[in-house]
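Structure first, then comments.
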Amino acid sequence: MKKLTSTFALGLLASASFSMAAQATFEQSATEFWTTHRTAALMGDFTNNDNLDIFYGGQGNNLFNDPVGWWWQIQQNFCINDGNGNFTIDGYTFQEREYVDEESGETRIAYDRVWNNHGLIGSTYNQYAALDYNNDGLLDILLFGRTEWDIFLNDDEKNLDRYLLLYKNLGEGKFELVQEAAFPKMKPDNDSKNYSLAVGDYDRDGYVDFAVSATDLEREDNYPGRTVSLYRNIDGTGVFKDMKIAETKGGVYTNEVKDDDGNVIVEKQLLEGYFLPVSGDVHFADLNNDGWLDIVVTGWADNNWDGIHNAGNTGKIYLNQNGEKFVDATPDTPGFVTLRSSASSIADFDKDGYLDLFQTGWGDNGYAWNAFLFYNNNDNTTFFEEPLTCDNLGLDGTEGCRQIIRDFDGDGYLDIYYSGSEGCQIYYGNLTGGFNKGEGLPSYSSGHAAVGDINKNGLSDIFMCGYGDNGAYAALHLNTTASVEAPAAPENVKAEVIDGKLVITWDYDTDEAMANDVVYNVYVKNAEGKVYTVVPANPETGFVKVGYGRTVGIRPQLKEYSITAPAGDCTVGVQAISTANETYSAFATATAEGTGVAAIDSAADATATYYNVQGQRVDNPAKGQLLIQVKGNQATKVIF
């Protein structure tokens with residue numbers, strides 16, 4: 001499919017007479033979910049049985065409204081899938097208790113709160129991310145949001161007006177807070193409307209990392225009130241390190257501090273290594289197909305010192321330099337004009353193997369409420385140029401929505417679902433590169449949907465929660481369109497250790513992969529049984545455990561991936577997964593002899609001495625080096 005220029009696309013849409021294309025068919029699940037709003041939802045296989053479960057929080061659950069009278073109670077609902085599409089809801093509930101009124105002597109009914117079994121705190125205006133931070137094969141949860149309106153919270157919980165928390169999956173439907181993962185107080189901008197969490201292994205050390213875009217941080221007054229932060233996972237220990245490794249054009253600075261007369265009493269100071277302070281969306285995306293996850297951010301910036309983009313709605317592109325740093329590659333000309341007060345998404349709309357950027361929201365400079373589609377121009381310099389807009393695409397401009405991009409009707413063209421806006425809407429892609437408005441799904445606000453395959457036909461079902469015509473709303477809409485074909489597994493998978501790296505290669509037809517929106521997923525199982533995956537999946541069955549975040553998979557033009565080599569022998573696998581629907585192949589596997597080398601954090605031990613394999617002393621070890629660490633009377637091979 002060729003890219004369409006703005007003029008060409010507009011001409012096609014204006015001149016062609018389209019009949020409404022076939023649409024996906026949806027059927028509401030029989031499960032009665034507890035209704036909430038002011039929340040987002042997450043699908044993932046948290047019970048490790050190859051079925052997708054659902055998390056969602058929020059307020060306004062009708063379960064408490066009548067007869068209990070506890071209005072606007074905060075929620076955290078874990079909906080456990082039994083494998084037949086039926087869900088058991090583990091959330092806050094209540095039980096009746098009889099008591100005798102001391103004054104009247106009458107027997108009355110009291111209602112006591114029953115706390116959930118899963119262990120996550122209630123949350124509102126929240127976001128989630130699913131990840132296996134410790135490689136134990138169980139999906140853990142990042143919970144990002146705040147508490148609000150709950151008479152049952154203790155004093156500590158009432159103070160959680162904003163937070164980012166990591167919960168470890170203990171199995172059997174239970175989670176515990178990871179105390180080692182202590183992040184500053186912060187919250188998503190624009191409530192839960194943005195995609196403010198991105199998960200991926202940016203440095204390819206075999207442990208998944210994450211990036212966050214946020215506002216209202218707990219720090220000095222003259223620091224920017226917004227942030228993009230990159231947290232590196234330290235060996236699955238639960239400790240995450242805030243990595244200041246960005247080279248931002250023009251730099252990032254603190255704010256000046258002035259006295260009552262307007263005199264500057266504290267000059268602005270350079271914040272070395274900071275990403276541009278933006279609150280909004282953050283995405284991991286391999287924009288240049290070099291095998292390393294880059295960072296794309298869009299939203300609102302307090303201060304931008306690059307001399308090109310002013311404070312306001314802003315976008316930034318940071319290219320990953322082999323996991324060591326990120327370089328600001330935002331195009332100077334034309335300016336990277338973006339939208340705000342809504343969300344952005346990453347997908348390959350034109351099937352050329354390069355990831356594009358889609359946005360909705362408000363645009364300054366006359367764009368108003370709009371939708372933008374930036375095609376990736378593949379030249380590795382400007383990436384995104386002038387976008388196609390609503391008028392070109394047949395879309396509506398809107399505010400406050402997330403988008404979910406999938407091929408819902410299975411016709412080979414990506415569709416767009418506006419989730420949680422003032423008017424939820426599905427748009428079906430067509431052969432011109434434009435979209436036709438669909439029908440048949442309910443509309444709601446103040447909540448955001450999640451997708452995944454509940455009924456196992458390979459297409460995306462939609463779980464919706466929010467505020468509809470009759471109050472708080474939550475429902476699962478099953479996609480009953482005819483099933484789609486899964487991609488074939490890769491062939492000729494091989495693995496070997498080269499210079500301290502485990503290098504995995506495979507074969508697959510690139511044209512077929514691009515035409516079907518296929519990316520590759522890799523797993524590595526080490527001698528201790530720990531399993532690392534690029535995208536969370538079951539190594540035995542191939543089941544992909546998440547309904548969101550598949551685009552961090554390895555791009556279709558690439559046939560090689562490497563990570564820091566684990567100690568001991570290991571098994572590796574490669575599978576093909578679709579980013580257009582929910583299908584996947586089995587893993588094709590291979591084995592490799594390990595190095596017997598310990599992987600350590602990149603900071604050198606001050607009590608140790610380091611030598612290269614030729615016996616020469618190395619005073620400043622660099623990332624990726626294979627060295628001999630001598631500490632006391634013990635010598636150990638290590639890789640940084």
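Put a dot 7 Å past the Cα of N470, heading toward its Cβ, do the same for Q616, and the two dots end up 7.6 nm apart. The T382 and A182 beta-carbon pair, evaluated with R₀ = 35 Å, returns a calculated FRET efficiency of approximately 0.35. Note on the chain: antiparallel DSSP beta bridges, both residues inside, total approximately 95 percent of the bridges counted. First select every other residue whose beta carbon is under 13 angstrom from the beta carbon of E496; then total the charges, Lys and Arg +1, Asp and Glu -1. After counting each charged neighbour, the total is -2. Longer than 30 Å from Cα to Cα, which of K168/K268; K241/K494; K456/K530; K193/K241 are they? Say none if no pair is. Among K168/K268; K241/K494; K456/K530; K193/K241, the Cα-Cα distance tops 30 Å for K168/K268; K241/K494.
Given their separation in residues at 0.36 nm each and the Cα-Cα distance between them, E103 and T541 gain 151.3 nm when the chain is fully extended.
The separation of segment 253-268 from segment 465-487, counted between C-alpha centres, amounts to 52 Å. On a per residue basis, the convex hull of the C-alpha atoms belonging to the chain measures out at 191 Å³.
Loop-only check: which GluC sites (Glu not before Pro) in segment 448-535 are DSSP coil with at most 11 other Cβ within 10 angstrom? Loop-located and lightly packed - E485, E528.
Rolling a 1.4 angstrom probe over the chain with all protein chains present gives an accessible area of which 44% lies on carbon and sulfur atoms. At an R0 of 51 angstrom, the distance between the Cβ atoms of N117 and R219 translates into a FRET efficiency of 0.90. A simple spin-label model places the labels of E593 and D82 5.2 nm from each other, with each point 7 Å out along Cα-to-Cβ. Taking 0.36 nm per residue of sequence separation and removing the Cα-Cα distance, the A368/S483 pair yields an extension gain of 37.5 nm. With protein chains left intact and a 1.4 Å probe, residues in the chain average 40 Å² of accessible area per residue. Given a Förster radius of 35 Å and the C-beta distance between K437 and V264 as r, what FRET efficiency does 1/(1 + (r/R0)^6) yield to the nearest 0.05? Once the sixth-power term is evaluated, E becomes 0.05.
For segment 215-305, applying the loop criterion from DSSP together with a ceiling of 11 other beta carbons within 10 Å to the GluC sites (Glu not before Pro) yields E218, E220, E267.
The values are calculated or read from the model by the stated rules, or taken from the named source; none is laboratory data. Note that this is a predicted model, so its numbers are computed, not measured. FYI the Cβ positions are ideal-geometry reconstructions off the backbone, even for glycines, and counts take in every protein chain you see. Side chains included, ligands, DNA and RNA excluded: accessible areas come from the protein's heavy atoms. Shrake-Rupley method; radii C 1.70, N 1.55, O 1.52, S 1.80 Å.
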